[in-house]
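The values are calculated or read from the model by the stated rules, or taken from the named source; none is laboratory data. Bear in mind that the values here come from a model prediction, so they are computed numbers and not experimental data. Cβ: placed from backbone, ideal geometry, glycine included. Neighbour counts: every protein chain shown. Protein only, heavy atoms only, side chains kept; ligands, DNA and RNA dropped before computing areas. Shrake-Rupley method; radii C 1.70, N 1.55, O 1.52, S 1.80 Å.
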Amino acid sequence: MAHTLRYYERAGLIAPVARAPGGQRRYAASDMEWIGFLLRLRETQMPIGQMQAFARLRSEGNGTTPERRQLLEQHLAQVLATITAMQQAAQALQAKIAHYRGLEASLRPTPSSPHQGSSHVPRNPTPLSPGPRQAARNRRSRG
């Protein structure tokens, strides 16, 4: 956390704060609230450049409220798009996991299997289709 705070100071996201005699930074409650918000922005993958633009607008006062709101609305749209994409990816992973669980269950030997411990062969194997060369050879040999 100390590294992050030093970085945020160098990047101009937080103003330098008063220090105790031992050199420790002394943050006010309002500083902590702002730092918490900055951390939330980073958690949502907001680029440092956008965070700097937001911080600059904030330092200019309430006259920049519409610009700050717009910046946050744009970022929120990106966050929501990312969440949607991640949910779709999670659903695809869940479907693949379910597929593999079903496959594993079908490969387990049943107690009535005559060959306990042997490798499982599907009861109705799907015939493999011939490759293109073999298919051409088959056509030539038939005709």
- Query: Which of the residues that make up the range 30-58 are touching a residue at least 40 places away in the same chain (Cβ under 8 Å) and open to solvent by 50 Å² or more (accessible area, probe 1.4 Å)?
  - Reply: Q52, R56
- Selection from the range 1-29 of residues that are surrounded by fewer than 10 Cβ atoms within 10 Å (Cβ to Cβ), among the hydrophobic types (A, V, I, L, M, F, W, C) and part of a helix (DSSP H, G or I): A2, A29
- Task: Pairs only if they're at least six apart or on different chains, beta carbon under 7 angstrom, first in the range 65-79 and under 11 Å from F54 (Cβ atoms) and in contact (Cβ under 8 Å) with a residue 12 or more places away in the chain, second assigned to a helix (DSSP H, G or I) and open to solvent by 60 Å² or more (accessible area, probe 1.4 Å); list them, first residue then second.
- Result: R68/R58; L71/Q50; H75/Q50
- Exactly one condition in (1) open to solvent by 90 Å² or more (accessible area, probe 1.4 Å); (2) at pLDDT below 95 is not met by L107; state its number. (1)
